[in-house]
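One structure below.
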Amino acid sequence: MSLKDWLNNGWLKKHKTSSKEIQNLLGVAERDMSDSETSGLSPDWKLNIAYNAALQIATAALAASGYRTTRESHHFRAIHSLKFTIEADEELVILFDKFRKKRNISGYDRAGTISKQEAREMKGLAETLYRLTKDWLNKNHPTLINFKGER
């Protein structure tokens, strides 16, 4: 399987990105990684905020590769596209997808299902993805980025 196969299956659409779009997506991720540390928030919300950061990073990598997801299974596709875009290892993708499922339960079915440790792990995953994606963009798409800060 490849991103071209996903395109042929109708799971992706071709997309022409810009450095502004990439910067905006990564800016949302940076904000959310910071906001996920806000004291007084439940672990459910902290995980949700860190998850959104990681999702924006995955979306940026996919956009830099010339694609965007279709509406159906958007989060699932963005997460699993990391295998093809930044060549993320399988364990990272599996962990991210596990958090997608946990987020869905805590967001739609039952409150209080996320532990403090899980929220911290999701934030760590977002930070790892940020670093990996930053390195990948610098190497493969340097015209799309202009990083101001380090994480």
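The values are calculated or read from the model by the stated rules, or taken from the named source; none is laboratory data. Everything numeric here is computed off the predicted structure, so don't read it as measured data. In this analysis, Cβ positions are derived from the backbone assuming ideal geometry, glycine residues included, and neighbour counts consider all displayed protein chains.
The table that follows gives values for the structure above.
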read-out	value
Residue within the range 11-19 that is under 26 Å from K139 (Cβ atoms) and either among the aliphatic types (A, V, I, L, M) or surrounded by 20 or more Cβ atoms within 10 Å (Cβ to Cβ) (or both) present	yes
Filtered residues of the range 20-43 (kept if crowded, with 22+ Cβ neighbours inside 10 Å and of a type in the set (G, A, S))	A29, S36
Complete set of residues in the range 1-32 that are among the polar types (S, T, N, Q), part of a helix (DSSP H, G or I) and without any contact (Cβ under 8 Å) to a residue 40 or more places away in the chain	N8, N24
Residue in the range 49-60 that is modelled with pLDDT of 95 or more, in contact with a strand residue (DSSP E or B) (Cβ under 6 Å, 6 or more places away or on another chain) and among the small types (G, A, S) present	no
Only one of E121, E72, E91 that is loosely packed, with under 13 Cβ neighbours inside 10 Å and without any contact (Cβ under 8 Å) to a residue 40 or more places away in the chain	E91
Residue ranges of helices (runs of 4 or more DSSP H) in the range 64-151 with at least 1 members at pLDDT 95 or above and in contact with a Cys (Cβ under 7 Å, 6 or more places away or on another chain)	none
So A78, is it crowded, with 16+ Cβ neighbours inside 10 Å, in contact (Cβ under 8 Å) with a residue 24 or more places away in the chain and aliphatic (A, V, I, L, M)	no
Residue satisfying condition, being surrounded by 14 or more Cβ atoms within 10 Å (Cβ to Cβ) and closer than 15 Å to L132 by Cα, within set K102, K83, K46, K98	K83
Count of the range 33-62 residues which are small (G, A, S) and assigned to a helix (DSSP H, G or I)	7
